Amino acid sequence: MNFLRTGLVAAGVGIVLVSGVFGVSAQASKEAVIKERQEFMKAQGGDAKAVSDYAKGQGDQAAAQKAAEDLIARAPKIMALFPAGTSTTEFPDKTKAKPELFTETDKVKAMITAMQADQTKLLEAVKAGNAAGAGEQLGAMNKDGCGACHGAYRTKSS
Amino acid sequence: MARRVLALLILTALAATGGWSFSAFAADDAAIARGAYLAAAGDCTGCHTDKKAGGALLAGGRALPTPFGTFYGPNITPDKATGIGKWTAADFHRAMREGKNEHGSFMFPAFPYTSFTNLTDADIADLYAYLQSIPAVAHQMPGHDMKMPFGWRPLLFGWRMLFFKEGPLQPVAGQSDEWNRGRYLAEAVAHCQECHTPRNLLGGLDRRHAYAGDPHGADKQDAPNITSDKKDGLGDWKEDDIVDLLKSGMTPDGDSVGGGMAEVVEGTGKLTDADRKAIAVYIKSIPPLPKTPK
């Protein structure tokens, strides 16, 4: 009987510990994805700057082309960087992603799709050596994608 | 002969009348165009158009939560029943200059008349011409949902004594025309301080931290420090960086502005290069201050 009671207590303690470990682990995993997406966005910004510099006659075409290709390669990965439970509600001091971003996924996906179309044209303009056209497409990409999403779903203004 | 003279007189009169009508029409058109430009610079749609829900132009905005209650940007289309169709030019002027509604009651300063009071009479008249020219849309907005006791308008008498200085902005002697133009656009038209300067407990702008950012802005916005502080502000930005941001929404590091600033850029993107440059010149001249603490 004592053995049974001890066993039950041990099992209970085990469950609590395992749940705790999983809880901590899940929390750490969410913090990790927030950090990952922030790094991801910095890389996006770096590429956008490379294209912007080229459009303004301050950067070279090869760097702008590489940047445009990187932007295209990264676009399909964006949604996965915003798993549920990683908004300002859960992590007010670590992220600026509004909770609506995680519920209005259709709108976010539409923004990404529009941005991808702009990115394709952006790459074409850069490849053609059309700096002015690249600047226009960068503006379109910003309006339809980056800016649209940041405007609707980020609390920080800049 | 008499018939010829009469015909000539009639023709002259017609020409004169036609000419006068044409001039009057042209003048109105020009005023409307100037007003539209100012409305873009002032981002009227930010509060008065519910873009997220696909609302009609200036027919009322989304809910704007603040520590004092939730405001609803009113319908400012010329609809007579639900908009400002019955407002005279004088009513509109009083709202912008004095912060009083068509009945003479104090308006809540969520409507930034503390900045709009700095507009010139001519610009207020142009804005009125523009707003009366847009399609009238019947759309009844809910009343503001204020927390006690902030909904009691007579309280605003004291608030205005403390935080409201009425009158057009006067140019600063010794500064360039470009700087003064930029100051006018930033302070009066675009009302930049309303978001980038923090507020005190009573909701007045805390000008000791002018432009140093507001981490607790309306709609949960975290408006950044845009003083020339090198660490926290725009000290490392060139004038052209500010011009680019106002045009495209892109920061020098390739980020895209978010939150309310994305809406602001929709308007500043329509300004002339000269006006964007003027704003940049003025913003770059703002003394450095550390970021407003949370």
Problem set entry | Surface accessible to a 1.4 Å probe, per residue, for the residues of region B:177-289, Å² | 42
For this session: Return the average number of partner chain Cβ atoms within 10 angstrom of each residue Cβ along peptide B:218-225.
Result: 3
Problem set entry | Derived scalar couplings ³J(HN,Hα) [region B:57-64; Karplus, 6.51 cos²θ - 1.76 cosθ + 1.60; whole Hz; x for Gly, Pro] | 3, 6, 8, x, x, 6, 5, 10
Problem set entry | Size of region B:33-110 as Cα extents on the principal axes (Å, biggest first) | 34, 32, 26
For this session: Could you work out the Rg to Rh ratio of region A:22-139, with Rh taken as the Kirkwood radius (inverse of the mean 1/r over all Cα pairs)?
Result: 1.07
For this session: Could you give the C-alpha radius of gyration of chain B expressed as a fraction of 2.2 N^0.38 Å, taking N as the number of residues it contains?
Result: 1.14
Exercise. For region B:165-267, treating each Cα as an identical point scatterer without solvent, what Debye log10 I(q)/I(0) comes out at q = 0.19, 0.22, 0.24 1/Å?
Worked result: -1.12, -1.43, -1.55
Seminar exercise, completed: So, relative contact order of region B:18-168 in percent, Cα under 8 Å, 6 or more apart, is 27
For this session: Mind putting together the pair-distance distribution for the protein assembly as shown? All Cα pairs, 10 Å bins, whole percent per bin, short to long.
Result: 4, 17, 25, 23, 14, 7, 4, 3, 1, 0, 0, 0, 0, 0
Exercise. Got a number for carbon plus sulfur as a percent of the protein assembly as shown's accessible area, 1.4 Å probe?
Worked result: 63
Exercise. What does the convex hull of the Cα atoms of region B:64-158 come to per residue, in Å³, rounded to a whole number?
Worked result: 100
Exercise. Semi-axes, largest first, in whole Å: what does sqrt of 5 times each Cα gyration tensor eigenvalue give for region B:106-207?
Worked result: 26, 22, 12
Problem set entry | B/A buried area, accessible surface, summed, 1.4 Å probe, Å² | 1700
Exercise. Using a basic spin-label model with each label point 7 Å from the Cα along Cα→Cβ, how many nm lie between B:H103 and B:S285?
Worked result: 4.3
Exercise. Over all residues in A:41-54, what is the mean tally of Cβ atoms on other chains that come within 10 Å of each residue's Cβ?
Worked result: 3
Problem set entry | Residue-averaged beta-carbon neighbours from other chains (10 angstrom radius) around B:244-254 | 6
Exercise. What does the accessible area of B:V264 come to, in Å² to the nearest 10, when a probe of 1.4 Å is used?
Worked result: 40
Seminar exercise, completed: Computed over chain B, the relative contact order (Cα-Cα under 8 Å, seq sep at least six) in percent reads 18
Problem set entry | Cut-off under 5 Å, modelled amide H: who pairs with B:D206 long-range | B:R199, B:N200
Seminar exercise, completed: Per DSSP, the loop-located trypsin sites (Lys or Arg not before Pro) within region A:82-158 having at most 14 other beta carbons within 10 Å are A:K94
Exercise. Given region A:85-131, what whole percent of its Cα pairs are spread farther than 17 Å?
Worked result: 55
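The values are calculated or read from the model by the stated rules, or taken from the named source; none is laboratory data. Here the structure is a predicted model, which is why all the values come from computation and not from measurement. In this analysis, Cβ positions are derived from the backbone assuming ideal geometry, glycine residues included, and neighbour counts consider all displayed protein chains. SASA here: full protein model, heavy atoms, side chains in, ligands and nucleic acids out. Shrake-Rupley method; radii C 1.70, N 1.55, O 1.52, S 1.80 Å.
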